[in-house]
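Asks: Here's a structure for you.
The values are calculated or read from the model by the stated rules, or taken from the named source; none is laboratory data. Keep in mind that this is a model prediction, so the values were computed, not measured. Note that each Cβ is placed from the backbone with ideal geometry, even for glycine, and that neighbours are counted across all protein chains shown. We work out accessible area using only protein heavy atoms, side chains counted, and drop any ligands, DNA or RNA first. Shrake-Rupley method; radii C 1.70, N 1.55, O 1.52, S 1.80 Å.
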Amino acid sequence: MPFARDVKPISLQEGGTPLVPSSGIGKGLGLQELYIKNEGQNPTGSFKDRGMTVAVTKASQRGARTLVCASTGNTSASLAAYAARGGLEAVVIVPSGKVAAGKLVQATVHGARILRVKGNFDEALGLVLEVVRENPALYLMNSINPYRIEGQKTLAYEVFEQLGGRVPDYVVLPVGNAGNISAIWKGFLELKSWRISDRLPRMVGVQAAEAAPIAEAYEKKRDHVKPWGDARTVASAIRIGKPASWKKALRAIRDSGGLSMTVTDREILQAVDELASKEGLFVEAASATPVAALKHLRRTLGPRATIVCVATGNGLKDQESVKVDLERTPELSGGPDLLKALRDSTPG
Ligand code: AN7
């Protein structure tokens, strides 16, 4: 990390998340060695915390007072918590009506100022970049901030350790603004350049079918990404049409011999359901895209490949997208009713 040894980080003990071996999904697809890296177990429930500890510590060292980001939700929740921890102010700019409620609740309880702008995330980020340029008192916390990437790359180190000193064959992850795929690739490149590992994984970037500028560039073999004006998907975290780190992401995909592809909203919601019901992991919609992608990829990957799917965020934040109707569960008036209901639902 880019600090002197005596620096005390502004930390919530992020990272160290479980690498959970798949029980049901891998078997069903004929994939023998499939893991889910459960980033939803970070302090604010997403991988963003890995980078936020580094970037907020750096900002604090530099004497910044007011930290600003545009966000589809998780970055704002994470920034709010770390700013609170560090005694700094946070302002988060979100696209109005397009962020999961749980994430806004987090930002609010941690004391961030929330500003909603009409329009989408890309427009919100554009505004933030403009405002930060004009007002030096504001410190930019989007993943264009290189310290965010420095923190997020630690996922690569951790996976390597958790696999007993092995690099996986594939790392499959959702891609939105494209900071994370760039960061994880950087982590693996470092391990190799330090000769801690002797190989590299293939990076697989998954996008939602109607929010897929990176997958489009990959599929059309373009060396630049054309922004999508109207990105849409149930996976609100990755409803991004103009990814800031597109160049690094394309490089990570190409240099690693990986690929980028899309999955439909329907497939995403089905993968959320499978992760919850077969693995016991409740992830948000964006975080289920890698598992949704496995169905299309199984032949490409092969049965013996070591595959790590990054489950980037916790499902508890994003309850809108799973649409659970609690009214449909029975409400009982007393003991006899309860006994009967239990008898009816017990096999044999
Ligand atoms: C759960 O919070 O962009 O490709 O503003 O919340 O590094 O952008 C969130 C992104 C994947 C995509 N999974 O990562 C934000 C934001 C979840 C996310 C991504 C996000 P990047």
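Asks: Given a 1.4 angstrom probe, what's the average accessible area per residue across the range 93-176, in square angstrom?
Replies: 44 Å²
Asks: A follow-up question, please. At 7 Å along Cα-to-Cβ for each site, give me the label-to-label distance between ARG304 and ASP198 in nm.
Replies: Here the modelled spin labels are 1.8 nm apart.
Asks: What figure, in Å² to the nearest 10, do you get for the accessible area of LYS186 with a 1.4 Å probe and non-protein molecules left out?
Replies: 70 Å²
Asks: Separate question: At R0 = 41 Å, how high is the FRET efficiency between ASP230 and ARG343 if r is their beta carbon distance? Nearest 0.05 is fine. Don't skip to the answer; put the middle values down first.
Replies: Values: r = 53 Å, r/R0 = 1.29.
According to the calculation, E is roughly 0.20.
Asks: Hey, another quick one. If each residue of separation counts as 0.36 nm, what is the full-extension length gain between ARG5 and ALA137 once their alpha-carbon separation is subtracted? The partial results should precede the final answer.
Replies: Values: separation 132, 0.36 × 132 = 47.52 nm, distance 2.76 nm.
Once the chain is fully extended between ARG5 and ALA137, it gains 44.8 nm.
Asks: Here's another thing I want to ask about it. Pull up the DSSP beta bridges for the range 139-297 and report the antiparallel fraction as a percent, rounded to 5.
Replies: On the way: 1 of 11 bridges.
Beta bridges within the range 139-297, antiparallel portion: roughly 10 percent.
Asks: With viscosity set to 0.890 mPa s at 25 °C, what whole-number translational diffusion coefficient in µm²/s follows for the chain from Stokes-Einstein and a Kirkwood radius over Cα pairs? Intermediate values should be presented prior to the final figure.
Replies: Numbers: Rh = 20.7 Å.
Diffusion coefficient, whole number: 118 µm²/s.
Asks: Over the alpha-carbon set of the range 268-348, work out the extent along each principal axis and list the three values in angstrom, largest first.
Replies: Answer, in whole Å and largest first: 55, 32, 16 Å.
Asks: Sticking with this structure for a sec: Over the chain, what is the relative contact order in percent, taking alpha-carbon pairs closer than 8 angstrom and at least six residues apart? Mind dumping the intermediate values first?
Replies: Working: 712 pairs, mean separation 70.9, N = 348.
Averaging sequence separation for qualifying contacts and normalising by length gives 20 percent for the chain.
Asks: Translational diffusion coefficient of the range 204-244 at 10 °C, 1.306 mPa s, Stokes-Einstein with Kirkwood Rh over Cα pairs, in µm²/s as a whole number.
Replies: Numbers: Rh = 10.2 Å.
Here the translational diffusion coefficient equals 156 µm²/s.
Asks: Rolling a 1.4 Å sphere over the protein heavy atoms, what is the accessible area per residue of the range 1-83, to the nearest Å²?
Replies: Details: 3130 Å² over 83 residues.
On a per-residue basis, the range 1-83 sits at 38 Å².
Asks: Given Cβ point charges of +1 (Lys, Arg) and -1 (Asp, Glu) and nothing else, what value in debye, to the nearest 20, does the dipole of the chain about its Cα centre take? Could you put the intermediate results ahead of the total?
Replies: Working: 46 positive and 35 negative charges, 208 e Å.
The calculation lands at about 1000 debye.
Asks: Using the alpha-carbon centroid of each, what span in Å lies between the range 110-153 and the range 16-50?
Replies: 28 Å
Asks: Among LYS8/LYS37; LYS220/LYS242; LYS58/LYS226; LYS27/LYS103; LYS192/LYS248, which pairs are too far apart, with a Cα-Cα distance over 24 Å?
Replies: Details: LYS8/LYS37 27 Å; LYS220/LYS242 17 Å; LYS58/LYS226 33 Å; LYS27/LYS103 33 Å; LYS192/LYS248 18 Å.
Violating the 24 Å Cα-Cα cut-off are LYS8/LYS37; LYS58/LYS226; LYS27/LYS103.
Asks: Where only protein heavy atoms count, and the probe is 1.4 Å, what is the accessible area per residue for the range 209-314 in Å²?
Replies: Numbers: 4660 Å² over 106 residues.
That works out to 44 Å² for each residue.
Asks: Would you calculate the separation in nanometres between label points at HIS296 and LYS247, each defined as 7 Å from the Cα along the Cα-to-beta-carbon direction?
Replies: Taking the simple label geometry, HIS296 and LYS247 are separated by 2.8 nm.
Asks: How much accessible surface does ARG298 have with a 1.4 Å probe, in Å² rounded to 10?
Replies: 100 Å²
Asks: With both partners inside the chain, how many of the DSSP beta bridges are antiparallel, as a percent to the nearest 5? Before the final figure, lay out each step's value.
Replies: Numbers: 6 of 38 bridges.
In the chain, DSSP labels about 15 percent of beta bridges as antiparallel.
Asks: Show log10 I(q)/I(0) for the range 152-283 at q = 0.17, 0.19, 0.21 Å⁻¹, two decimals, from a solvent-free Debye sum over equal Cα scatterers.
Replies: Log10 of I(q)/I(0), two decimals: -0.91, -1.07, -1.20.
Asks: I would also like to ask the following. Could you pull out every one of the aspartates and glutamates with an alpha carbon less than 12 Å from that of LYS48, ignoring same-chain neighbours closer than 8 positions?
Replies: Leaving aside aspartates and glutamates fewer than 8 places away in the same chain, those within reach of LYS48 are GLU14, GLU39, GLU150.
Asks: Just to be sure I understand the curve: with the Debye formula and one point per C-alpha of the range 18-88, what is log10 I(q)/I(0) at q = 0.13, 0.15, 0.16, 0.18 Å⁻¹?
Replies: Calculated log10 I(q)/I(0) at the listed q: -0.50, -0.58, -0.62, -0.70.
Asks: Turning to a different aspect of this structure: In whole percent, how big is the carbon plus sulfur part of the accessible area of the chain, probe 1.4 Å, protein atoms only?
Replies: Working: 8270 of 16380 Å².
Roughly 51 percent, rounded to a whole number.
Asks: Only helical DSSP H runs with n ≥ 4 go in: add -39500 (n - 2.57) per run for the chain, normalise by residue count and round the 222 nm mean residue ellipticity to 500 deg cm²/dmol.
Replies: About -12000 deg cm²/dmol.
Asks: Equivalent-ellipsoid semi-axes (√(5λ), Cα gyration tensor) for the range 188-264, whole Å, largest first? Numbers along the way, then the final one.
Replies: Numbers: eigenvalues 137, 31, 23 Å².
Value: 26, 12, 11 Å, ordered largest first.
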